[in-house]
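Following: one structure in structure tokens, then a few remarks.
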Amino acid sequence: MSRSERIANLTGVVVPFAGVLAAIILLWNRAVDWTDLAILAAMYLITAVGITVGFHRLLTHRAFQTYPWLERVFAVMGSLAVEGSVLDWVADHRKHHAHADKEGDPHSPHVGHGSGLRGLWHAHTGWLLETQGQADWKRYATELYEDRQMRRIGRRFPLLVVISLGVPTLAGFVLHGFTLGGALRGYIWGGLVRIFFVHHVTWSVNSICHFFGRRRFDIEDHSTNVAWLAVFSLGESWHHNHHAFPRSAYHGLRWWELDLSGLFISCLERVGLAWNVVRITPERQRQKAGAQVHAH
């Protein structure tokens, strides 16, 4: 990883955190209202769905099929989450599955960087300064690399970062009566704070969901299910289920395992925007089920 890439990734970690601190100060002074929180919630849902449904279940694992134009929309939505370009994200995640919790995994808390808190730090944030974006596109994201439109979206990632901050800034400006104070609030809450939350929820799947939680399938890696993270991650924290059945469109495999991303895919299917949706039968789940144990 080059020095400029490290600086860019470090900036992506530090600046949203500074935004959260600024937001706390503004909140303390009551400079926040339902408009600011609505901008935050809308931007969170758009960009988080871009990651969970777009980057992850569609483009990485091909858990369902859709029209090429909608694939590109999802690629843009995921890019607005500011977690790297679409080709980098997909290649890194496919490499993670190819080497889950073994040497070569870009962000395992169990190999290469000590154990305990050191491993958790690497899986959560440290990997962004070392291994993020290093997976070979030609090997791990072949079809995206060969897609000219996807490569174009990937190259425009810096512009999409600007748009990701510009849209909530403009929304704050307009919804707060065309004031610069409103623009600043939109920038902080819908921009920096939202990026901070999306980032740390995503990174928690990399770290917490390979360290703490529950398991029920007989698989070799250390992935776990973490129920309390399910709402915030839109279902991604049923991560052990996902590692057991990577191509499943649904990570929540039991009726009580809330999976908002899976529900979104079901909605797409009902209106004809998704097809060949991969579902895992109860029989296949029983075949792979092991003793239900607590991880660590």
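The values are calculated or read from the model by the stated rules, or taken from the named source; none is laboratory data. Computed from a predicted model, the values in this text were never measured in an experiment. All Cβ positions, even for glycine, are placed from backbone atoms using ideal geometry, and neighbour counts span all protein chains on display.
Quickly run through the stretch 79-125 and pick out the residues that are closer than 20 Å to THR224 by Cα, buried (at least 22 other Cβ atoms within 10 Å of the Cβ) and polar (S, T, N, Q).
SER108
For residues in the stretch 224-251 being closer than 22 Å to GLU283 by Cβ and part of a loop (DSSP other than H, G, I, E, B), which is farthest from the chain's Cα centre (by Cα)?
The qualifying residue farthest from the chain's Cα centre (by Cα) is PHE245.
If you check every pair at least six apart or on different chains, which have Cβ atoms under 6 Å apart with a residue in the stretch 158-178 that is in contact (Cβ under 8 Å) with a residue 60 or more places away in the chain first and a residue that is assigned to a helix (DSSP H, G or I) and polar (S, T, N, Q) second?
LEU160/SER79; LEU175/THR35
Identify all residues within the stretch 252-285 that are more than 20 Å from HIS96 (Cβ to Cβ), outside any loop (DSSP other than H, G, I, E, B) and modelled with pLDDT of 95 or more; write none if there are none.
Matches in the stretch 252-285: LEU260, GLY262, LEU263, PHE264, ILE265, SER266, CYS267, LEU268, GLU269, ARG270, TRP275.
Counting only residues that are β-branched (Val, Ile, Thr), give me the helices (runs of 4 or more DSSP H) lying completely in the stretch 97-215 with at least 3 of them.
157-175, 194-207
Do you know which residues across the stretch 242-258 are touching a His at 6+ places or on another chain (Cβ under 9 Å) and under 22 Å from GLU220 (Cα atoms)?
HIS242, HIS243, PHE245, PRO246, ARG247, SER248, ALA249, HIS251
If the Cβ limit is 8 Å and pairs must be 6+ apart or interchain, which residue in the stretch 98-121 that is acidic (Asp, Glu) pairs with which residue that is not in a loop (DSSP other than H, G, I, E, B)?
ASP101/HIS210; ASP105/LYS95; ASP105/HIS96
Provide a single number: the residues in the stretch 194-225 that are in contact with a strand residue (DSSP E or B) (Cβ under 6 Å, 6 or more places away or on another chain) and either within 23 Å of LEU128 (Cα to Cα) or of a type in the set (Ser, Thr, Tyr) (or both).
1
With the requirement that a residue be of a type in the set (Asp, Glu) and at pLDDT 90 or above, what does the stretch 106-152 give you?
ASP136, GLU143, GLU146, ASP147
The rows are residues; the columns are (1) within 17 Å of ASP259 (Cα to Cα); (2) touching a helix residue (DSSP H, G or I) at 6+ places or on another chain (Cβ under 6 Å).
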residue: THR35; (1), (2): no, yes
residue: ILE39; (1), (2): no, yes
residue: LEU45; (1), (2): yes, no
residue: VAL53; (1), (2): yes, yes
residue: ARG57; (1), (2): yes, no
residue: THR60; (1), (2): no, yes
residue: LEU70; (1), (2): no, no
residue: MET77; (1), (2): no, yes
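May I ask you to say which residue of ARG94, ARG57 is in contact with a Phe, Trp or Tyr (Cβ under 8 Å, 6 or more places away or on another chain) and within 20 Å of GLY252 (Cβ to Cβ)?
Going through ARG94, ARG57 in turn, just one is in contact with a Phe, Trp or Tyr (Cβ under 8 Å, 6 or more places away or on another chain) and within 20 Å of GLY252 (Cβ to Cβ): ARG57.
Show the residue pairs that are 6+ apart or on different chains and have beta-carbon atoms under 9 Å apart, the first residue being within the stretch 206-226 and within 21 Å of THR125 (Cβ to Cβ), the second being of a type in the set (Lys, Arg) and assigned to a loop (DSSP other than H, G, I, E, B).
Close Cβ pairs (under 9 Å, with a partner that is of a type in the set (Lys, Arg) and assigned to a loop (DSSP other than H, G, I, E, B)) amount to ASP221/LYS102.
Is it fair to say HIS240 is out of contact with any Asp or Glu (no Cβ under 8 Å at 6 or more places or on another chain), closer than 18 Å to ALA123 by Cβ and either hydrophobic (A, V, I, L, M, F, W, C) or buried (at least 22 other Cβ atoms within 10 Å of the Cβ) (or both)?
yes
Pick out the one residue from GLU283, GLU257 that is out of contact with any Lys or Arg (no Cβ under 8 Å at 6 or more places or on another chain), on the phi < 0 side of the Ramachandran plot and surrounded by 16 or more Cβ atoms within 10 Å (Cβ to Cβ).
Selected residue: GLU257, the only one of GLU283, GLU257 that is out of contact with any Lys or Arg (no Cβ under 8 Å at 6 or more places or on another chain), on the phi < 0 side of the Ramachandran plot and surrounded by 16 or more Cβ atoms within 10 Å (Cβ to Cβ).
Would you mind telling me which numbered condition in (1) part of a helix (DSSP H, G or I); (2) touching a residue at least 40 places away in the same chain (Cβ under 8 Å) ILE46 fails?
With respect to (1) part of a helix (DSSP H, G or I); (2) touching a residue at least 40 places away in the same chain (Cβ under 8 Å), ILE46 is out only on (2).
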